[in-house]
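Below is one structure, written out as structure tokens; the observations come after it.
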Amino acid sequence: MRVLRGVDFAVHPGQFVAIVGQSGSGKSTLLHLLATLDKPDEGEIYFQGHRIDNLPAASHDVLRNRYLGMIFQFYHLLPELSALENVLVPQMIAEGATRYWWNQRRYRQRARVLLDRVGLSHRLTHKPREMSGGEMQRAAIARALIADPLVLLADEPTGNLDRRTGQDILAILRSLNEQENLTIVMVTHDTAIAEQADTVVRLVEGCVENA
């Protein structure tokens with residue numbers, strides 16, 4: 001079954017783009033393709049002028065670890081780790097055990113700064129089961145930022161939260177975009193959330209609907 005058909009669009013540095021559409025329209029599939037978590041059967045995907053969909057798996061891992069931050073509807077935090085430790089996981093993977101150990105003080109300080117940035121400095125030692133949904137999403141955002149990515153990809157980041165908490169999470173994303181010029185591509189089913197982005201890409205049955 002073909003999920004996406006002839007999708008063609010570009011995201012420019014510093015943009016905040018929302019991808020919207022009904023359930024099954026291909027929103028999450030498109031985001032997973034941008035993140036190189038899936039490969040297209042046809043077509044090409046470029047990042048900073050270089051084609052990325054045909055890279056070997058190891059290169060995809062490096063791309064995601066160093067240049068693309070990701071947050072998800074269900075957080076995907078490791079339950080046995082604290083908020084601080086969860087934020088540090090991508091850095092541990094990127095650096096390897098020895099290099100991370102030598103630089104752990106600097107990395108831990110950056111993780112604390114990020115958790116403070118998202119309003120979670122009071123939850124550094126708390127594990128996911130001890131945090132609310134909004135707090136877990138804040139920790140997930142901090143984790144996505146630990147490598148200082150060029151693009152943040154967000155798959156329904158407010159979809160598992162109540163309206164007020166969702167607006168708080170969106171405010172964090174909007175602040176990152178405006179104050180740090182972070183490029184954000186966000187999938188959402190909520191048109192009120194999407195309208196706060198700079199650009200809205202609407203998918204209808206796997207195609208981009210023209211404005």
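A short reminder: the numbers here are calculations on the coordinates, not readings from a lab. Quick caveat, the model's predicted, so the values are computed rather than measured. Using ideal geometry, Cβ is built from the backbone for each residue, glycine included, and neighbour counts are taken over all protein chains shown.
Please give the contour-minus-distance gain from residue 122 to residue 61: 0.36 nm per residue of separation, less the Cα-Cα distance, rounded to one decimal in nm.
So the extension gain works out to 18.8 nm.
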GNM of the chain, Cα pairs under 10 angstrom: of 164, 138, 108, the biggest fluctuation goes to 164
Per principal axis, largest first, the Cα atoms of the range 1-71 extend in Å by 32, 29, 22
The base-10 log of I(q)/I(0) that the Debye equation returns for the chain at q = 0.08, 0.11, 0.14, 0.16 Å⁻¹, one scatterer per C-alpha, is -0.27, -0.52, -0.85, -1.10
Simple SL model, points at 7 angstrom along Cα→Cβ for residue 98 and residue 44; separation in nm is 4.0 nm
The distance between the Cα centres of the range 84-120 and the range 29-70, in whole Å, is 24 Å
Relative contact order in percent for the chain (Cα pairs under 8 Å, 6+ apart) equals 38 percent
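About its Cα centre, what dipole magnitude does the chain give when the only charges are +1 on Lys and Arg Cβ and -1 on Asp and Glu Cβ, stated in debye to the nearest 20?
Roughly 820 debye, rounded to the nearest 20.
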Extension length gain for residue 204 and residue 178 (0.36 nm per residue less Cα distance), in nm, is 6.4 nm
For residue 175, the net charge from surrounding residues (Cβ-Cβ under 12 Å; K, R +1; D, E -1) works out to -1
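Do the sum for the chain: with -39,500 (n - 2.57) for every DSSP H run of n ≥ 4, divided by all residues, what is the mean residue ellipticity at 222 nm, to the nearest 500 deg cm²/dmol?
Theoretical 222 nm ellipticity from helices: -13000 deg cm²/dmol.
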In nanometres, the difference between 0.36 nm per residue of separation and the alpha-carbon distance of residue 74 and residue 148 is 24.4 nm
